[in-house]
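Engineer: Attaching a single structure in structure tokens format; questions to follow.
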Amino acid sequence: KNQSKKVYIIRCSNEKIGLFGLYNHVVHHLKKAEALDAYPVVDWQYYPNSGILDDDLVGKENAWEYFFEQPRGISLEDAYKSWNVIMSTGEVMGSLDEVWKEDELQHSHELIEKYIRLNQKNQKMLERKFVELNMHSSRVLGVLCRGTDFAASKPKGHAICPSAEETIKKIEEMENQWKHFDRIFLATEDDYIFAKMKKQFEDKMIFCQHHRIQNASDKWLNELYDSMDYRECKRKIMQEYLLSVYLLARCDALIAPVVGGTLGAMRIKGKYENVFLFQLGLY
């Protein structure tokens with residue numbers, strides 16, 4: 001099939017990488033595909049990732065399509081039957097350093113605008129939630145907090161994430177420097193951080209994630225979501241996380257640590273009025 005086209009299959013063999021680690025990996029390979037004048041197709045079907053795809057569905061369902069449409073309309077089935085197929089490297093590619101590089105962020109933003117579309121179900125949910133939270137008529141400060149597995153395991157080489165108290169202090173500091181915000185949109189999987197933020201900002205705080213973690217122990221989130229406690233609601237958790245990052249991208253300003261969701265939001269947004277990124281060193 002597709003004898004007049006080059007098909008570029010984007011795959012990732014790292015089982016532990018999270019949803020926006022995978023998303024950012026796809027963006028990296030969209031750049032490769034475009035440079036080769038190839039048609040990108042995303043394969044989250046044949047490469048296990050227990051955080052988004054149940055083990056018994058590997059090889060049967062493409063988890064990319066739980067959330068998105070295929071970039072150029074070629075299905076994964078047709079991609080593997082195509083005449084000229086390029087297989088991307090399966091190793092995780094790209095760097096979080098792009099958060100500091102305005103030109104590269106803009107290039108990624110343009111590729112996302114061109115190639116990555118939420119599927120109809122998730123797009124409708126996003127628009128509905130945007131209105132429900134009154135974000136369409138408010139100035140909103142977006143805040144991303146990462147806790148749970150980072151706080152417990154302190155993964156070597158990853159950015160140190162601030163505590164709830166440090167984040168609250170920074171929000172109050174930045175609100176004095178930047179323009180007034182009517183709402184604070186919080187994206188976090190951590191129940192402790194959520195409770196602290198809610199107590200501090202009360203009705204000013206808005207959110208869309210309802211499944212949160214109290215204690216990740218020494219497990220990565222992907223491992224935790226694959227446990228029996230979360231397996232039944234895993235896809236819903238990922239959907240809420242996806243929408244929370246897309247809603248972060250609709251905020252006017254951003255405060256966050258340098259993690260995958262932050263890079264994802266900055267790429268989707270293109271350019272915020274103001275951004276503060278925590279630089280607390282590495283674990």
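The values are calculated or read from the model by the stated rules, or taken from the named source; none is laboratory data. Nothing here was measured: the structure is a model prediction, and the numbers come from that model. A quick note on method: Cβ atoms are made from the backbone with ideal geometry, for glycine too, and the neighbour counts reach across all protein chains shown. Note: areas computed on protein heavy atoms with side chains; ligands, DNA, RNA excluded. Shrake-Rupley method; radii C 1.70, N 1.55, O 1.52, S 1.80 Å.
Engineer: Hey, does region 219-228 have a residue that's at pLDDT below 80 and touching a Pro at 6+ places or on another chain (Cβ under 7 Å)?
Structural biologist: Of region 219-228, the ones at pLDDT below 80 are 219-228.
If we keep only those that are touching a Pro at 6+ places or on another chain (Cβ under 7 Å) too, we end up with none.
Within region 219-228, none of the residues are at pLDDT below 80 and touching a Pro at 6+ places or on another chain (Cβ under 7 Å).
Engineer: Is it fair to say Ser88 is over 22 Å from Leu242 (Cα atoms) and either among the hydroxyl-bearing types (Ser, Thr, Tyr) or crowded, with 18+ Cβ neighbours inside 10 Å (or both)?
Structural biologist: Yes, satisfied.
Engineer: Also: Just give me the residues in region 111-133 being farther than 19 Å from Leu254 by Cβ, open to solvent by 80 Å² or more (accessible area, probe 1.4 Å), of a type in the set (D, E, K, R) and in a helix (DSSP H, G or I), in sequence order.
Structural biologist: Answer for region 111-133, where residues must be farther than 19 Å from Leu254 by Cβ, open to solvent by 80 Å² or more (accessible area, probe 1.4 Å), of a type in the set (D, E, K, R) and in a helix (DSSP H, G or I): Lys114, Lys121, Lys124, Arg128, Glu132.
Engineer: A further question on this structure: Where residues in region 39-73 are small (Gly, Ala, Ser) and surrounded by fewer than 20 Cβ atoms within 10 Å (Cβ to Cβ), which of them is farthest from Thr262 (Cα to Cα)? Let's see the steps before the verdict.
Structural biologist: First pass over region 39-73, keeping only residues small (Gly, Ala, Ser): 50-51, 59, 63, 73.
With the extra rule that they be surrounded by fewer than 20 Cβ atoms within 10 Å (Cβ to Cβ), the set shrinks to 50, 59, 73.
Values: Ser50: 22, Gly59: 30, Gly73: 28 Å.
My answer is Gly59.
Engineer: Every residue in region 49-67 that is under 18 Å from Leu242 (Cα atoms) and either basic (Lys, Arg) or in contact with a strand residue (DSSP E or B) (Cβ under 6 Å, 6 or more places away or on another chain) (or both), please.
Structural biologist: Trp64
Engineer: Report, by residue number, each residue of region 259-271 that is in a loop (DSSP other than H, G, I, E, B) and open to solvent by less than 20 Å² (accessible area, probe 1.4 Å). Don't jump to the end; show me each part of the working.
Structural biologist: Within region 259-271, the subset in a loop (DSSP other than H, G, I, E, B) is 259, 270-271.
If the condition is that a residue be in a loop (DSSP other than H, G, I, E, B) and open to solvent by less than 20 Å² (accessible area, probe 1.4 Å), then Val259, Gly270 are the ones that fit.
Engineer: Follow-up question, since we're still on this one. Identify, by number, the condition in (1) out of contact with any strand residue (DSSP E or B) (no Cβ under 8 Å at 6 or more places or on another chain); (2) touching a residue at least 60 places away in the same chain (Cβ under 8 Å) that Leu118 doesn't meet.
Structural biologist: (1)
Engineer: Taking Lys16, is it open to solvent by 30 Å² or more (accessible area, probe 1.4 Å), modelled with pLDDT of 95 or more, outside any helix (DSSP H, G or I) and among the charged types (D, E, K, R)? Write out each step before concluding.
Structural biologist: Numbers: open to solvent by 30 Å² or more (accessible area, probe 1.4 Å): yes; modelled with pLDDT of 95 or more: no; outside any helix (DSSP H, G or I): yes; among the charged types (D, E, K, R): yes.
The answer is no for Lys16.
Engineer: Moving on. Please enumerate the residues belonging to region 91-108 that are β-branched (Val, Ile, Thr) and open to solvent by less than 50 Å² (accessible area, probe 1.4 Å). Outline the logic, then answer.
Structural biologist: Restricting attention to region 91-108, the residues satisfying the condition of being β-branched (Val, Ile, Thr) are 92, 99.
The answer is Val99, and nothing else.
Engineer: Something else: What number goes with the only condition from (1) open to solvent by less than 60 Å² (accessible area, probe 1.4 Å); (2) part of a helix (DSSP H, G or I); (3) in contact (Cβ under 8 Å) with a residue 40 or more places away in the chain; (4) not polar (S, T, N, Q) that Glu166 does not pass?
Structural biologist: The single condition Glu166 does not satisfy is (1).
Engineer: A further question follows. With the condition kept exactly as written, say whether any residue in region 256-277 is within 15 Å of the chain's Cα centre (by Cα) and modelled with pLDDT under 75.
Structural biologist: Our first condition is that a residue be within 15 Å of the chain's Cα centre (by Cα); within region 256-277, this holds for 256-270.
Next, from what is left, pick out any that are modelled with pLDDT under 75: none.
No, region 256-277 contains no residue that is within 15 Å of the chain's Cα centre (by Cα) and modelled with pLDDT under 75.
Engineer: Moving on. Just one of (1) of a type outside the set (Ser, Thr, Tyr); (2) open to solvent by 10 Å² or more (accessible area, probe 1.4 Å); (3) within 16 Å of Phe276 (Cβ to Cβ) trips up Ile171, so point out which.
Structural biologist: All conditions pass for Ile171, except number (2).
Engineer: Quick one: Lys31 ticks every box in (1) open to solvent by 10 Å² or more (accessible area, probe 1.4 Å); (2) more than 26 Å from Lys269 (Cβ to Cβ) except a single one, so which number is it?
Structural biologist: Lys31 satisfies every listed condition except (2).
Engineer: Here's another thing I want to ask about it. With respect to the numbered conditions (1) modelled with pLDDT of 80 or more; (2) closer than 21 Å to Ala159 by Cβ; (3) open to solvent by 10 Å² or more (accessible area, probe 1.4 Å), which one is the sole condition not fulfilled by His210?
Structural biologist: Here His210 clears every test but (2).
Engineer: Search region 46-57 for residues that are closer than 18 Å to Ile237 by Cβ and pair each with any residue that is open to solvent by 10 Å² or more (accessible area, probe 1.4 Å) and among the polar types (S, T, N, Q) when their beta-carbon atoms are under 6 Å apart and the residues are at least 6 apart or on different chains.
Structural biologist: Note: pairs meeting the criteria are Ser50/Asn222; Gly51/Asn222.
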